[in-house]
1. Would you check if there is a residue in the range 414-433 being modelled with pLDDT under 60 and in contact with a strand residue (DSSP E or B) (Cβ under 7 Å, 6 or more places away or on another chain)?
2. Give just the number: which of (1) surrounded by 18 or more Cβ atoms within 10 Å (Cβ to Cβ); (2) at pLDDT 80 or above; (3) under 26 Å from Gly204 (Cα atoms) does Leu38 not satisfy?
3. Report, by residue number, each residue of the range 20-68 that is farther than 19 Å from Phe136 by Cβ, assigned to a helix (DSSP H, G or I), of a type outside the set (Val, Ile, Thr) and in contact (Cβ under 8 Å) with a residue 60 or more places away in the chain.
4. What are the residue pairs meeting all of these: first residue in the range 369-392, first residue in contact (Cβ under 8 Å) with a residue 60 or more places away in the chain, second residue of a type in the set (Ser, Thr, Tyr) and surrounded by fewer than 18 Cβ atoms within 10 Å (Cβ to Cβ), Cβ atoms under 9 Å, and 6 or more apart or on different chains?
5. All but one of (1) in contact with a strand residue (DSSP E or B) (Cβ under 6 Å, 6 or more places away or on another chain); (2) under 30 Å from Glu261 (Cα atoms) hold for Gly359; state the number of the condition that does not hold.
6. Of all residues in the range 223-255, which are among the small types (Gly, Ala, Ser) and surrounded by fewer than 15 Cβ atoms within 10 Å (Cβ to Cβ)?
7. Quick check on my filter: what residues within the range 276-322 are of a type in the set (S, T, N, Q) and loosely packed, with under 14 Cβ neighbours inside 10 Å?
8. Tell me which residues, restricted to the range 366-377, are closer than 14 Å to Lys397 by Cα and outside any strand (DSSP E or B).
Amino acid sequence: MKKQILFLLFAALAAYGQERIAIINAMDDRDSIGISELAYLTDRLRETAVNVLPKSRYGVMTTESIVAFLGSQESAAKACKEASCLAELGRKVSADYVAQGRIGRFGENLTIKAELYDSKKGNLIGSFTGNSKDIFGLLAIIDEKAPDLFKKMPGVSGGSKSSVFVAGGISGLEKAVDYELDSEKSYLVNLSTEPQGAILSFDGVPSASCAKTPCKAELREGNVRIIAALEQYETADTTVSVSRNNQSIAIRLKSNFGILEIKPAYLDEIGEDTQWSLTINDKAYHSFVNRFSPGNYNVKLNHKCYEAVGFTAGINKGSREFFDMAGNIVLKKGGLSLSAERNGEPASEPVFVNGKQAGETPFSDAVPLCAEIEIGENRETVNVVLKYNEKVKYIHKSNVYVPVPALGDSYSYERQDSKKSSNASFWVALALDLLGAAIIYAGYEKDQGVSKAYESYSYPHQSQGYYDDHWEKVENERSSRNTLYVIGGIVLASGIGVHIWF
């Protein structure tokens with residue numbers, strides 16, 4: 001019920017045009033004075049605000065109204081443990097402005113610090129500090145400095161004034177109309193961080209126009225508290241003085257991470273076509289250079305051709321840990337039992353593993369899983385599929401070469417008789433092809449003779465005997481031509497047949 005009455009009262013004040021200021025119960029950081037003394041200092045600060053602030057514009061909230069929101073005077077005093085959250089506390093009690101005094105010690109002296117905030121903007125309007133040997137000295141500091149603190153509020157002092165009078169002398173004096181302009185200035189500031197991307201807040205309030213750096217923000221004149229936060233970097237908390245337009249403010253963030261760098265390696269270029277797969281704390285990574293917060297990390301590397309590599313990396317802030325895989329990798333292996341057959345008979349052939357001779361057939365040994373297996377002097381590829389930690393049997397069969405014993409430990413090979421006969425057949429076929437082509441060409445020449453005989457046969461004004469002789473000549477040439485064509489075709493076809501058959 002009490003809260004409802006207070007809400008109605010605040011609604012009435014808002015309608016009347018007043019702004020509310022809350023004087024929060026003073027807080028003692030070191031328990032230097034008693035609760036009653038804290039309450040008395042708070043009342044003196046509240047009394048000063050009532051005397052300085054114009055009642056037409058400002059209403060000072062009572063202790064009872066503040067307690068109605070926060071629960072108790074003790075809660076009101078301890079609701080904000082740091083001065084930076086005073087503005088938030090002011091919003092909780094529905095105040096437009098909020099002030100609080102804090103008591104501490106400096107050496108043997110008592111100290112007091114009072115701050116005044118704009119609750120909506122979160123801006124610090126003003127503050128004062130002082131120290132004294134006793135509580136009465138603190139009261140004197142409040143009486144001296146508190147009036148100037150509250151005069152910094154908009155419409156209280158520092159603004160321009162104008163007076164309007166009705167003409168006609170003193171008898172026509174009209175009441176002066178005072179207008180005070182809020183003298184608080186703001187400037188456009190350029191903000192950046194190294195590295196970029198930090199989230200900023202100003203006097204404890206985030207800015208929508210400056211969510212991530214680099215950015216621009218409109219900040220009030222004077223000291224402004226800036227907090228910059230970025231993942232894997234220490235939060236920066238600094239106060240800067242804003243004094244002009246286009247002022248540049250740069251904040252350097254300290255790293256809160258270390259770097260783990262892994263250098264992949266391969267043995268004799270085996271498996272270079274496939275990249276190592278990397279997991280750190282069971283999370284897959286595609287880069288071999290990564291940043292981590294300080295701590296221990298379980299690293300695993302896998303490859304189809306190599307045994308898995310695992311280790312624990314300890315990361316410290318600002319450190320760079322380097323792991324070179326060379327010297328720490330082992331090829332996966334499988335067993336191979338390899339035999340060779342030439343023309344259906346067992347044969348002894350040299351066996352090569354990754355280009356190096358590893359033995360001869362029958363061969364039985366462990367070989368790398370991704371190895372290239374070759375056999376024979378001509379290095380024929382053995383198309384065997386190896387299995388990890390298992391033995392595979394394979395017989396390589398070939399009919400192209402047969403082994404022939406030779407001196408020493410080396411091996412020599414020679415062609416079969418069939419291969420020799422094939423070479424002879426090739427030359428025979430080629431000779432038949434050439435002979436057939438020559439005979440056909442001779443037939444072509446005969447064909448030219450037939451054409452000439454026909455031309456002479458067609459000459460006019462010749463005797464009957466002349467025609468009979470030429471007719472016989474034409475018939476002979478034609479017969480020879482046809483014979484040559486037939487013989488040449490047979491010889492050429494024979495050559496082609498030898499090519500095909502052998």
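1. yes
2. Failed condition: (3).
3. Ala49, Asn51, Ala68
4. Close Cβ pairs satisfying both conditions: Leu369/Tyr388; Cys370/Thr274.
5. (2)
6. Hits for the range 223-255 are Ser241, Ser243, Ser248, Ala250, Ser255.
7. As a first pass, look at the range 276-322 and keep what is of a type in the set (S, T, N, Q): 277, 279, 281, 287, 290, 293, 296, 298, 302, 312, 316, 319.
Result: Asn281, Ser287, Ser293, Asn296, Asn298, Asn302, Thr312, Asn316, Ser319.
8. Of the residues in the range 366-377, the ones closer than 14 Å to Lys397 by Cα are 374-376.
Selection gives Gly376 alone.
The values are calculated or read from the model by the stated rules, or taken from the named source; none is laboratory data. Every value quoted in this text rests on a predicted model; they were computed, and no experiment measured them. Neighbour counts are summed over all protein chains in view; Cβ atoms, including those assigned to glycine, are modelled from backbone coordinates with ideal geometry.
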